[in-house]
Amino acid sequence: LVLDNERVHVERLVIEPGKSIATHTHSRSGLGVAVSAAQIQIESAGASPRTVQFKPGDFQWLDGPVTHSLKNTGKTRFEAIHIEWK
């Protein structure tokens, strides 16, 4: 957790190569911004897993609620910031 106030909730995400983040839900819409390059596999219920190659500065808008898990399938550490508006 980086910041949590009446307007936003901001988290820093770090996933080492080969590691995963278990299934979780983003209840609000938000913006994810990659800080480092990495290859990430994203799995959502009812959808085929997809692999995304992130570069620093890449971003994805999540139209909440979104439930997914993440796995770093690359060889480098993945770092990102996720911002949810309240």
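The values are calculated or read from the model by the stated rules, or taken from the named source; none is laboratory data. All values reported here derive from a predicted model rather than from experimental measurement. Cβ: placed from backbone, ideal geometry, glycine included. Neighbour counts: every protein chain shown. We work out accessible area using only protein heavy atoms, side chains counted, and drop any ligands, DNA or RNA first. Shrake-Rupley method; radii C 1.70, N 1.55, O 1.52, S 1.80 Å.
Just a few scattered comments:
- Modelled label positions at residue 13 and residue 47, each set 7 Å beyond Cα in the direction of Cβ, lie 1.2 nm from each other.
- Positive contributions from Lys and Arg (+1) and negative ones from Asp and Glu (-1), summed over other residues with Cβ under 9 Å from the Cβ of residue 2, come out at -1.
- [x] 96; [y] 84; [z] 115, with the label sought being that of the calculated volume of the Cα convex hull per residue in Å³: [y]
- You can think of it this way: the chain between residue 1 and residue 55 has 17.2 nm of extra reach, that is 0.36 nm per residue less the Cα-Cα gap.
- Nonpolar atom fraction for the range 1-75, defined as the carbon and sulfur part of the 1.4 Å probe accessible area, stands at 53 percent.
- For the range 39-47, backbone phi angles converted through the Karplus equation (6.51, -1.76, 1.60; θ = phi - 60°) give residue-by-residue couplings of 10, 10, 9, 10, 10, 10, 4, x, 10 Hz, Gly and Pro being listed as x.
- In this structure residue 23 has an accessible area near 100 Å², from a 1.4 Å probe over the protein heavy atoms.
- Modelled spin labels at residue 66 and residue 21, positioned 7 Å past Cα toward Cβ, are 1.0 nm from each other.
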